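Q: Got a structure for you, questions after.
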Ligand SMILES: NC(=O)c1ccc[n+]([C@@H]2O[C@H](COP(=O)([O-])OP(=O)(O)OC[C@H]3O[C@@H](n4cnc5c(N)ncnc54)[C@H](O)[C@@H]3O)[C@@H](O)[C@H]2O)c1
């Protein structure tokens, strides 16, 4: 594989390290030339279209701000380039439809980096619950993101470029896990607010979502915690209470611990799923299988989040 990377900010280097370990990284693009200095042994570009045209990579990883995902995914897929994009899939319903169309007509594979699905405890619980009736799921994210974090890049904290706050960025992974277990809801009712960062960001730092459908859920998220706390999923079945936190599953009080196969690269809260997900993406390409987290799968959390933004306390039915 010859794989190019677009976006060499915070998460791009995590992808680059894994691609270099695989021997696949062939070119890097970032509009900020300083970010390219660490890749001086490779062809580097400041224009991603030029890179795709000149390098003609087999695959590309997109690690740019949220508002650029849809355009970059469609440009890469239309050239038949296998495309792995960082989360979220995109930030609007129109973009979801454009990406789905681009994926449908492309011969290339497409995936979204929802790496927490590859953590041992989450793989275990997904398998454990097969065939069981889930009564309800609760997801909770309490992390710390302050004004300095939001000032670290101009796209953060703005509706036009980030597309939202805690929900579409930090909490999306855990919401995706909730929806992986419950399936897509019919409707959501939500309250979204900015409790701690009124002078720093336009978007929400806190939210509560109630989802109704075959299996209902409750989801809590805030960036206003004094510290990053472990994310939590609680699942209720007919006769069990199951608590899932990073590295452990506790079923009716009995704990099972998980040790990850891969090293955690980047911030601790990213976990160590990136390498497992990226290796699976390339196994799918080699074996001619669709990657399991394509546009349809990755659009679920985005649709729930967009409905939560629209809700203002009213029930919104998911399209
Ligand atoms: N999966 C995870 O756990 C995880 C963790 C962190 C970030 N992310 C996601 O990764 C993406 C990037 O986040 P980040 O924190 O690395 O942001 P960042 O701002 O640190 O990096 C983005 C980079 O993209 C570059 N860029 C902007 N416009 C560009 C363009 N037109 N062409 C080429 N490069 C361009 C910027 O110069 C910057 O270096 C976001 O979607 C974010 O949500 C995912």
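Q: Helix 12-22 against the longest principal axis of the chain: what's the angle in degrees, Cα atoms only, rounded to the nearest 10?
A: 70
Q: What translational diffusion coefficient, in µm²/s and rounded to a whole number, does the Stokes-Einstein relation yield for segment 229-287 at 10 °C and a viscosity of 1.306 mPa s, taking the hydrodynamic radius as the Kirkwood radius over Cα pairs?
A: Numbers: Rh = 13.5 Å.
Approximately 117 µm²/s, per Stokes-Einstein.
Q: Tally the DSSP beta bridges in the chain and give the antiparallel ones as a percent, rounded to 5. Show your work: numbers first, answer last.
A: Working: 35 of 60 bridges.
Of those bridges, close to 60 percent are antiparallel.
Q: No solvent, one uniform scatterer per C-alpha: report log10 I(q)/I(0) for segment 199-319 via the Debye equation at q = 0.19, 0.21 1/Å, two decimals.
A: Log10 I(q)/I(0), no solvent term: -1.39, -1.36.
Q: Could you give the distance between the Cα centres of segment 1-30 and segment 234-278, to the whole Å?
A: Computed from Cα coordinates, the inter-centre distance equals 27 Å.
Q: Using a basic spin-label model with each label point 7 Å from the Cα along Cα→Cβ, how many nm lie between residue 53 and residue 269?
A: 4.0
Q: What is the P(r) of segment 83-136, as percent of Cα-Cα pairs per 5 Å bin from 0?
A: 4, 15, 17, 17, 14, 15, 16, 2
Q: Related question: At a Förster radius of 22 Å, what calculated FRET efficiency corresponds to the Cβ-Cβ distance of residue 228 and residue 159, to the nearest 0.05?
A: Working: r = 24 Å, r/R0 = 1.11.
Efficiency, from the Cβ-Cβ distance: 0.35.
Q: Continuing with this model, one more query. Would you work out if segment 103-181 is rounded, prolate or oblate? Take a ≥ b ≥ c from the square roots of the eigenvalues of the alpha-carbon gyration tensor; rounded if a/c is under 1.5, else prolate when a/b is larger than b/c, oblate otherwise. Present the calculation step by step, with values, prior to reporting the outcome.
A: Working: a/c = 2.55, a/b = 1.40, b/c = 1.83.
Oblate shape, in that a/c is at least 1.5 and b/c is the bigger or equal ratio.
Q: Between residue 124 and residue 251, what is 0.36 nm times their sequence separation minus the Cα-Cα distance? Round to one decimal in nm. Intermediate values should be presented prior to the final figure.
A: Values: separation 127, 0.36 × 127 = 45.72 nm, distance 1.17 nm.
The residue 124-residue 251 span can extend by a further 44.5 nm.
Q: Turning to a different aspect of this structure: With the contact rule set at Cα under 8 Å and sequence spacing of 6 or more, what percent relative contact order holds for the chain? It would help to have the intermediate numbers written out before the result.
A: Numbers: 652 pairs, mean separation 60.3, N = 319.
That works out to 19 percent.
Q: Using R₀ = 25 Å, calculate the FRET efficiency as 1/(1 + (r/R₀)^6) where r is the Cβ-Cβ separation of residue 1 and residue 92; round to 0.05. Kindly include the intermediate steps, with their values, before the conclusion.
A: Numbers: r = 31 Å, r/R0 = 1.24.
Plugging the Cβ-Cβ distance into 1/(1 + (r/R0)^6) gives 0.20.
Q: Still on this structure: Across bins of 5 angstrom width beginning at 0, how are the C-alpha pair distances of segment 3-115 distributed, in whole percent?
A: Calculated over all Cα pairs of segment 3-115, the distribution is 2, 13, 25, 27, 19, 10, 3, 1 percent.
Q: Using 0.36 nm per residue, how much length does the chain from residue 100 to residue 315 gain when fully extended, once their Cα-Cα distance is taken away?
A: Numbers: separation 215, 0.36 × 215 = 77.40 nm, distance 2.62 nm.
Value of the extension gain: 74.8 nm.
Q: Can you tell me the 0 to 90 degree angle between the C-alpha axis of helix 273-287 and the longest principal axis of the chain, rounded to 10?
A: 60
Q: From the Cα trace of the chain, what convex hull volume per residue do you get, rounded to a whole Å³? Mind dumping the intermediate values first?
A: Details: hull volume 41.5 nm³, N = 319.
Enclosed volume per residue, from the Cα hull, is 130 Å³.
Q: With everything on Cα atoms, drop me the angle between helix 69-78 and the longest principal axis of the chain, reported from 0 to 90° to the nearest 10.
A: For helix 69-78, the angle is close to 50 degrees.
Q: OK, next. Roughly speaking, what is the stretch gain from residue 21 to residue 279, that is 0.36 nm per residue apart minus the C-alpha to C-alpha distance, in nm to one decimal?
A: So the extension gain works out to 91.8 nm.
Q: For the chain, what is the mean residue ellipticity at 222 nm derived from helices alone (per DSSP H run of n ≥ 4: -39500 (n - 2.57); sum divided by total residues; nearest 500 deg cm²/dmol)?
A: Numbers: 10 runs with 103 residues, N = 319.
Value at 222 nm, helices only: -9500 deg cm²/dmol.
Every number in this text was worked out from the coordinates using simple rules, so none of it is lab data. If you're wondering where the values come from, they're calculated on a predicted model, not measured in any experiment. Methodologically, a virtual Cβ is constructed for each residue, glycine included, from the backbone with ideal geometry; neighbour enumeration extends over all protein chains shown.
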